[in-house]
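Below is one structure, written out as structure tokens; the observations come after it.
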Amino acid sequence: MDFKTQLGKAVDLAFLHQQPEEEYTRNRNSMTRISSLPPEILLEIFYVCMSWNSGESRELAWRNVCRTWWNLARNCPRLWQCIDLCDIHLAREFIVHSKATPVSIVSSSPSNIHSFNLKINSNFLTTIDVILFPDDMQELFTVVGKHFKLPSIQRISVEGVSLAWDQCKNLTLLSLCGLEWEFSPGISQLYDVLRQSPNLEQLRLVDIHPIRDESITDIGDVESLLNLRDVVISAQSIVMAAIMSCIRFNSETNIQLKVLSPVAPTDIFPLGLQYPIDGSPHISCLHFETQELSLRLFTSSSDSPKTIILSLSSPLWVVGVAMQNIHELIDIGQIETLEFSSEVLADIPHSLLKEFLFHMKELAVLRVARNDLQALLQVLSITGGSSTPGQIACPQLRILSFTSHDDSQWVDFETKWMDRILFCLTQRKKHGSTLQLLEFGSVIQAQKKTIEQLSGVVANVNF
């Protein structure tokens with residue numbers, strides 16, 4: 001550093017020391033690099049600091065750094081939206097600085113709720129995240145507003161607690177869990193909530209028991225919820241059928257249903273899968289698995305990232321029930337990929353499997369985990385389906401894959417199944433349906449004899 005530069009800095013410092021202490025500190029702080037950050041960046045840093053601290057540990061030391069920081073923070077209501085009632089004094093400061101912006105309250109203590117006046121701020125509440133017993137929960141809503149009126153609430157998530165369901169409107173999230181019949185909304189009340197929440201994005205109903213004296217015909221017209229992204233429901237089939245009958249989904253809605261009684265898929269969707277006329281998804285992949293039988297529909301093949309459109313499971317099902325009825329919900333003739341997880345084929349009668357596969361005109365990929373393959377290979381080898389006499393099953397099949405996804409081994413695979421696989425592929429080649437790829441994953445080791453046997457009936461083999 002040259003002499004002139006050193007002299008200039010010395011003069012600047014001498015000048016600063018002659019100023020009042022407060023002004024000196026402010027000018028000194030302005031020389032630091034962090035003071036050159038744009039306000040937008042500083043606010044994002046403050047927002048992250050807010051998210052790191054909660055409850056009694058939220059000291060907010062950064063607000064004491066300088067006046068510029070404090071003025072910037074207190075004039076940004078977004079920073080003060082989440083109000084933790086664990087510290088009443090800090091909560092009051094948050095409610096002041098939040099101004100008229102939507103706010104959320106968090107608490108795990110009923111005493112804090114009683115000592116904090118939320119009633120005057122009820123119109124600004126959009127989220128309440130509390131862990132309380134039902135009596136304390138009822139007291140909370142009494143404190144917030146008479147008759148539980150929460151006009152700005154858009155997201156409701158409650159467990160074991162009843163609300164004034166007629167006041168639930170304009171929601172973007174509705175999550176109800178563990179509601180016995182005396183606490184649960186009735187079927188018609190649920191419909192009214194959905195009807196009055198056209199922008200609903202998430203619906204979660206787990207272990208709820210609505211009053212059952214309302215039939216599906218009492219509900220009204222089908223409601224289009226085209227912003228709905230996720231639906232998770234675990235309930236009795238009668239409840240699920242009523243709900244599924246009053247909603248029209250968009251083509252990207254992810255539906256996860258767990259039925260607590262053994263019924264056919266058509267009993268859950270008595271009116272079918274309801275999509276806008278011009279917005280039905282192209283369902284290209286069908287997946288069956290056994291443990292709490294899961295039936296899954298995907299919108300892309302298994303070779304690329306899959307989007308689950310429907311996951312339907314029940315601990316009391318057998319896969320044959322689902323397979324027998326699925327064609328009434330979707331056009332299985334357009335399915336391009338079919339997947340059977342371990343032990344699924346044992347639950348499917350031979351006649352049903354045959355009828356099912358002969359209807360799969362566009363099936364190109366078949367993936368099978370550890371199963372008894374006798375019935376499957378037999379159906380794939382024969383001709384003469386009821387609708388297509390003389391034609392082989394799955395005429396567009398190009399990839400056949402045998403895999404073992406779990407830790408158990410597919411014992412004696414080559415000894416037990418290789419001859420039958422060779423016969424099946426030979427028959428298919430005779431009828432003009434030659435496989436392009438046969439995959440064995442880790443079920444057998446590549447052997448020269450096996451490769452030579454397969455080379456005449458399939459274009460490529462992967463081990």
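Any residue in the stretch 447-458 that is part of a strand (DSSP E or B), at pLDDT below 90 and surrounded by 17 or more Cβ atoms within 10 Å (Cβ to Cβ)? Give the derivation first.
Within the stretch 447-458, the first condition is being part of a strand (DSSP E or B), and the residues that meet it are 458.
Retained after the next criterion (residues that are at pLDDT below 90): 458.
Next cut, surrounded by 17 or more Cβ atoms within 10 Å (Cβ to Cβ) only: 458.
Yes.
Report, by residue number, each residue of the stretch 59-93 that is buried (at least 18 other Cβ atoms within 10 Å of the Cβ) and among the small types (G, A, S).
If the condition is that a residue be buried (at least 18 other Cβ atoms within 10 Å of the Cβ) and among the small types (G, A, S), then A73, A91 are the ones that fit.
Name the pairs: first residue in the stretch 372-383 and modelled with pLDDT under 95, second residue outside any loop (DSSP other than H, G, I, E, B) and of a type in the set (G, A, S), Cβ to Cβ under 8 Å, at least 6 apart or on different chains?
D372/A346
What residue, among those in the stretch 345-388 that are out of contact with any Gly (no Cβ under 9 Å at 6 or more places or on another chain), β-branched (V, I, T) and assigned to a loop (DSSP other than H, G, I, E, B), is least open to solvent (accessible area, probe 1.4 Å)?
Checked the stretch 345-388; the qualifying residue least open to solvent (accessible area, probe 1.4 Å) is T388.
Residue-wise test of (1) of a type outside the set (F, W, Y); (2) under 18 Å from S104 (Cβ atoms); (3) part of a loop (DSSP other than H, G, I, E, B); (4) at pLDDT below 65.
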residue	(1), (2), (3), (4)
I128	yes, yes, no, yes
E139	yes, no, no, no
P151	yes, yes, yes, yes
I156	yes, yes, no, no
V161	yes, yes, yes, no
R204	yes, no, no, no
D207	yes, no, no, no
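Do you know which of the residues in the stretch 161-212 that are small (G, A, S) and closer than 19 Å to L260 by Cα is most open to solvent (accessible area, probe 1.4 Å)? So that I can check it myself, show each step before the final result.
Filtering the stretch 161-212 for residues small (G, A, S) gives 162, 164, 175, 178, 184, 186, 188, 197.
Imposing the further condition that a residue be closer than 19 Å to L260 by Cα reduces the set to 175, 178, 184, 186.
Numbers: S175: 11, G178: 32, S184: 9, G186: 4 Å².
Selected residue: G178.
Take the residues of the stretch 264-282 that are at pLDDT 80 or above and among the β-branched types (V, I, T): which is most open to solvent (accessible area, probe 1.4 Å)?
The extreme case among them is T266.
How do the pairs read when you match residues in the stretch 170-187 that are over 12 Å from S157 (Cβ atoms) and of a type in the set (S, T, Y) with residues anywhere that are open to solvent by less than 30 Å² (accessible area, probe 1.4 Å) and assigned to a loop (DSSP other than H, G, I, E, B), using Cβ under 7 Å and keeping only pairs 6 or more apart or on different chains?
If the second residue must be open to solvent by less than 30 Å² (accessible area, probe 1.4 Å) and assigned to a loop (DSSP other than H, G, I, E, B), the pairs left are S184/P210.
Is it true that N112 is of a type outside the set (A, V, I, L, M), modelled with pLDDT under 75, farther than 22 Å from V158 by Cα and open to solvent by less than 60 Å² (accessible area, probe 1.4 Å)?
Numbers: of a type outside the set (A, V, I, L, M): yes; modelled with pLDDT under 75: yes; farther than 22 Å from V158 by Cα: no; open to solvent by less than 60 Å² (accessible area, probe 1.4 Å): yes.
So N112 fails the test.
Assess whether L286 counts as being under 17 Å from R367 (Cβ atoms), at pLDDT below 75, in contact with a helix residue (DSSP H, G or I) (Cβ under 9 Å, 6 or more places away or on another chain) and open to solvent by less than 30 Å² (accessible area, probe 1.4 Å).
Numbers: under 17 Å from R367 (Cβ atoms): yes; at pLDDT below 75: no; in contact with a helix residue (DSSP H, G or I) (Cβ under 9 Å, 6 or more places away or on another chain): yes; open to solvent by less than 30 Å² (accessible area, probe 1.4 Å): yes.
No: the conditions fail for L286.
The values are calculated or read from the model by the stated rules, or taken from the named source; none is laboratory data. Worth saying up front: this structure is predicted, and the values here are computed from it rather than measured. No Cβ is skipped: glycine too gets one built from the backbone with ideal geometry, and neighbour counts run over all protein chains shown. The accessibility values were calculated without ligands, DNA or RNA, using every heavy atom of the protein model including side chains. Shrake-Rupley method; radii C 1.70, N 1.55, O 1.52, S 1.80 Å.
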